[in-house]
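**Q** Quick one: the structure is below, questions incoming.
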Amino acid sequence: MTGAIMTVPSAPPRRVLIIKPSSLGDVVTALPVLRGLRRTFPDAHLAWLVNAEYAPLLEHDTDLNELIRFDRRDFRGVRRWPVAAVRFVGLMRRLRASHFDWAIDLQGLLRSGMLSLAGGASLRAGFARPRENAAGWFYTHRLAVGSAHTVDRNVELARALGIDARQEDMTLQVSPAGRGFTQEFMDRHGLRRGGFVVCAPPTRWSTKLYPVRHWRKVICELSRQVPVVLLGGGGREENLCRKIAEGMPACVVNLAGRTGIAEMVAVIASAGAVICSDSAAAFIAQAVGVGTAVLFGPTRPDRTGPIKTGQAITARLPCQGCLKRRCRHVTCMESIAPDEVIAAAEKLLAQRR
């Protein structure tokens, strides 16, 4: 069920601001709104406000006219850090000077609602039930959506505004720099496009982590069939991947900590299949057309599961889908058998071939 507190203006917008700063996976799931806006309003100036660390995901996108980088630390440090205050004021001035007609807040936080108002848009739209209720104070259109899946919720909100958004619009454009990095990497390791599996073990929630011993069994078996590439960030993620890759054969390549976002997207786009927990890697893989096996313990496939290509592998426990970031036993992820993951990866590779 979708509704609005006032009628959408009949005149097409000339300038539209999408507000979706984070997180990485959430930015990917908001892409149907951008694609739909470009299809519906081909001559409009489309801008996206995004966290600076995630900007490489969008900075080469041909559907965007403008990328506005945002650092949420500037909000937290305005009162005690002069540099943050200057940056914050600069951002507000830039938004005010942009004279947007529409602002679509897909983040649903107090600060994102404030930023929608700062742009001066006469239409400011967001979810009727935002993550922080105060965000709704700044909207002219509070739109109720009935969908459970995060992609479908964004599509439903966009359609309520007359935007021709579609689920299949969740597509990512691979940057030239990322393609160059990946080609060099594949040449160096003798890999071919579609001929290797990407495993992305890290997640932001500790409860979504698949056990190291399970990862090692999965990778050891798959490496007998195809090369395996591990992906992850630096710090803890790099340490996790190092433990998993320790003692593995040469056909297991650990790229954790050695790629930025643009390079990670390009490596995933060149893979034959992706295996990961419920994380950004799953959405990136779908957005570049690569099948993914996604492991679900505390989270729910109906909310964040594969919608295009892939398979959800769900723990079979009564508490599955509890949505808890902390747990005393974390048996859900442990209960997913490595053999089940291996079989799913083999199926995806066969489909790719």
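Read-outs throughout are calculated quantities, based only on the coordinates presented, and are distinct from any laboratory measurement. Just so it is clear, the structure is predicted and the values come from calculations on it, not from any experiment. Quick reminder, even Gly has a Cβ in these numbers, built from the backbone with ideal geometry, and neighbours come from all protein chains shown.
**Q** Using the Karplus curve 6.51 cos²θ - 1.76 cosθ + 1.60 with θ = phi - 60°, what ³J(HN,Hα) values do you get for each residue of segment 22-33, in whole Hz, with x for Gly and Pro?
**A** 7, 7, 4, x, 5, 5, 4, 5, 8, 4, x, 5
**Q** Build a GNM of the chain with springs between Cα atoms under 10 Å: which of 120, 108, 247 gets the top mean-square fluctuation?
**A** With Cα springs under 10 Å in the chain, the top fluctuation among 120, 108, 247 is at 247.
**Q** While we're on this one: Considering only 154, 51, 239, give the residue with the highest GNM mean-square fluctuation for the chain, with springs between Cα atoms whenever their separation is below 10 Å.
**A** Top of the fluctuation ranking is 239.
**Q** So, one more: Looking only at 21, 201, 249, which one moves most when the chain is put into a Gaussian network model with springs between Cα atoms under 10 Å?
**A** The residue with the greatest mean-square fluctuation here is 249.
**Q** At a 10 Å Cβ-Cβ cut-off, how would you order 48, 215, fewest neighbours first?
**A** On the way: 48 29, 215 22.
In order of increasing Cβ crowding within 10 Å: 215, 48.
**Q** Across segment 176-352, how large is the tail of the calculated P(r) beyond 28 Å, expressed as a percent of all Cα pairs? Walk me through the numbers on the way to the answer.
**A** On the way: 2328 of 15576 pairs.
The calculated P(r) of segment 176-352 puts 15 percent of pairs beyond 28 Å.
**Q** Separate question: According to a simple spin-label model (label point 7 Å from Cα along Cα-to-Cβ), what is the distance in nm between residue 324 and residue 164?
**A** The answer from the label model is 4.8 nm.
**Q** Then there's this: Dividing the convex hull volume of the alpha carbon atoms of the chain by its residue count, what do you get in Å³ per residue? Don't skip to the end; give the middle numbers.
**A** Numbers: hull volume 50.8 nm³, N = 353.
Cα convex hull per residue, to the nearest whole number: 144 Å³.
**Q** With θ taken as phi - 60° and the coefficients 6.51, -1.76 and 1.60, list the Karplus ³J(HN,Hα) couplings across segment 196-209 in order, rounded to whole Hz; mark glycine and proline as x.
**A** Once rounded to whole Hz, the list reads 9, 9, 9, 10, 10, x, x, 9, 6, 8, 5, 6, 8, 6.
**Q** I've got another one for you. Give a quick list of GluC sites (Glu not before Pro) in segment 183-260 that DSSP marks as loop, anything other than H, G, I, E or B, with at most 15 other Cβ atoms within 10 Å. Mind showing how you got there, number by number?
**A** Working: sites: 184, 221, 237, 238, 246; in loops: 246.
Filter output for segment 183-260: 246.
**Q** Now for a separate question. For the modelled label position 7 Å from the Cα of residue 353 along Cα-to-Cβ, which residues of segment 198-238 have backbone nitrogen atoms closer than 11 Å?
**A** 225-226
**Q** Report the gain in length on full extension from residue 340 to residue 66: 0.36 nm times residue separation, minus Cα-Cα distance, nm rounded to one decimal.
**A** Length gained, residue 340 through residue 66: 94.3 nm.
**Q** Lys pairs in the chain, Cα-Cα under 24 Å, at least 8 apart or on separate chains: how many?
**A** Counting lysine pairs in the chain gives 11.
**Q** Each residue of segment 221-238 in turn: what ³J(HN,Hα) in whole Hz from Karplus with 6.51, -1.76, 1.60 and θ = phi - 60°, glycine and Pro shown as x?
**A** Along segment 221-238, the couplings run 6, 5, 5, 6, 10, 9, x, 10, 10, 9, 10, x, x, x, x, 4, 5, 5 Hz.
**Q** Can you say what percent of the DSSP beta bridges in the chain, counting only those with both residues inside, are antiparallel? Round to 5. The partial results should precede the final answer.
**A** Numbers: 0 of 40 bridges.
If we restrict to bridges inside the chain, about 0 percent are antiparallel.
**Q** Name the residue from 130, 119, 86 whose Cα lies farthest towards the positive end of the charge dipole of segment 15-169, charges +1 on Cβ of Lys and Arg and -1 on Cβ of Asp and Glu.
**A** Positive-end residue among those listed: 86.
**Q** Grab the DSSP H runs of the chain that are 4 residues or longer, score each as -39,500 (n - 2.57), total them, divide by all residues and round the 222 nm result to the nearest 500 deg cm²/dmol.
**A** Numbers: 14 runs with 132 residues, N = 353.
One gets -10500 deg cm²/dmol as the mean residue ellipticity at 222 nm.
**Q** Now a separate question. In debye, nearest 20: dipole of segment 15-169 around its Cα centre with unit charges on the Cβ of K, R (+) and D, E (-)?
**A** Taking the Cα centre of segment 15-169 as origin, the dipole is about 740 debye.
**Q** Would you work out if segment 157-218 is rounded, prolate or oblate? Take a ≥ b ≥ c from the square roots of the eigenvalues of the alpha-carbon gyration tensor; rounded if a/c is under 1.5, else prolate when a/b is larger than b/c, oblate otherwise. Can you show the working numbers first?
**A** Details: a/c = 3.08, a/b = 1.32, b/c = 2.34.
Judged from the Cα gyration tensor, segment 157-218 comes out oblate (a/c at least 1.5, b/c at or above a/b).
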